[in-house]
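Remarks on the structure that follows.
The values are calculated or read from the model by the stated rules, or taken from the named source; none is laboratory data. On a predicted model such as this, the values are computed, not experimentally measured, just so you know. For neighbour counting, all protein chains shown are included, and Cβ atoms are generated from backbone atoms with ideal geometry for every residue, glycine included.
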Amino acid sequence: MGAELVDTPTLLEVGLHEGDVVRFRPRPSARWQDATVVRRERDGSVGVRDGKGAARALPVDRLEVRTSGPRGARTWEPLAERAARDVQLDLFLDGAPPPPPPKPKRRPRR
């Protein structure tokens, strides 16, 4: 009797890396709470640690991911939208956090 391989979902499938900052609402009327991505659960939900250190498993549709807008401002994107989009995977950083975004280029002085 050989062990069967179980196809466990990965964070990269939804466009996340371990250590990414996400936010969620415990209830629809509650305030947003920040959390840190820890892992992907077997059922497809995302395992996070909230600000108090409590572990939670939240479905993808209840999370938003911190991202940068077109002018560099911090914005939040629903994780379901990010997961639906095709993303170029890192070649050499398998599972490592993404590199920091490039600094904006300054115009030359006149």
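Counting only residues that are in a strand (DSSP E or B) and of a type in the set (Gly, Ala, Ser), which one in the stretch 50-85 is farthest from the chain's Cα centre (by Cα)? First the steps, then the outcome.
Within the stretch 50-85, the first condition is being in a strand (DSSP E or B), and the residues that meet it are 50, 55-58, 63-68, 74-78.
Going one step further and asking which of them are of a type in the set (Gly, Ala, Ser), we end up with 55, 57, 68.
On the way: 55: 16, 57: 13, 68: 13 Å.
Only one residue tops the list, namely 55.
Can you name every residue in the stretch 10-32 that is over 10 Å from the mean Cα position of the chain (by Cα), at pLDDT 85 or above and farther than 14 Å from residue 80 by Cβ? Answer for the stretch 10-32, where residues must be over 10 Å from the mean Cα position of the chain (by Cα), at pLDDT 85 or above and farther than 14 Å from residue 80 by Cβ: 25, 26, 27, 28, 29, 30, 31, 32.
No other residue among 5, 89 is aliphatic (A, V, I, L, M), modelled with pLDDT under 85 and over 14 Å from the mean Cα position of the chain (by Cα) apart from 5.
Exactly one residue out of 13, 81, 18 is surrounded by 11 or more Cβ atoms within 10 Å (Cβ to Cβ), within 30 Å of residue 105 (Cβ to Cβ) and charged (D, E, K, R): that is 81.
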